Amino acid sequence: MSRVCQITGKKAVVGNNVSHSNIKTNPNLHTKKFYVPELDEWIWLKVSAHGMRNINKKGIYKCLVEASERGIL
C-alpha cells in the first residue's frame with residue numbers, strides 16, 4: 001500500500017483514468033516529518049494535501065487517533 005495517505009486513507013483508483021482536461025486520478029502524496037508533542041517524538045507520515053489541511057486544523061495527535069480508530073494507521 002505505497003500510494004495511500006496515512007491520515008485520510010486516500011488512494012489511487014484502479015486503472016489509468018485521465019480526464020479530458022488531463023487530470024490524473026492519483027492522490028497528491030508527500031512524505032513529511034511531524035513532531036507529536038504528546039508523545040515527544042518525531043514521526044514520518046505519507047500524507048495527502050487534504051491530510052495536511054486536517055492536521056493543521058485538528059492537530060497531529062487527534063488526526064493520528066482518528067486514523068487508528070478507522071484502521072488506516
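The values are calculated or read from the model by the stated rules, or taken from the named source; none is laboratory data. This one's a predicted model, so the numbers in the text were calculated from it and none came from an experiment. Because the Cβ atoms are built from the backbone with ideal geometry, glycine has one as well, and the counts that use them run over all protein chains shown. What goes into the accessible areas is simple: the full protein's heavy atoms, side chains included, and nothing from ligands, DNA or RNA. Shrake-Rupley method; radii C 1.70, N 1.55, O 1.52, S 1.80 Å.
Overview of results
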read-out	value
Test item: Cα-centred dipole of the chain, Lys/Arg +1 and Asp/Glu -1 on Cβ, debye	360 debye
Estimated 222 nm signal from helices in the chain, with DSSP H stretches of n ≥ 4 weighted -39500 (n - 2.57), rounded to 500	-8500 deg cm²/dmol
Sulfur and carbon atoms: percent of accessible area, the chain [1.4 Å]	51 percent
Under 20 Å from the Cα of residue 58 - lysines, other chains or at least 8 residues apart	10, 32, 33, 46
Isotropic mean projected area of the C-alpha convex hull, the stretch 29-73 (nm²)	2.9 nm²
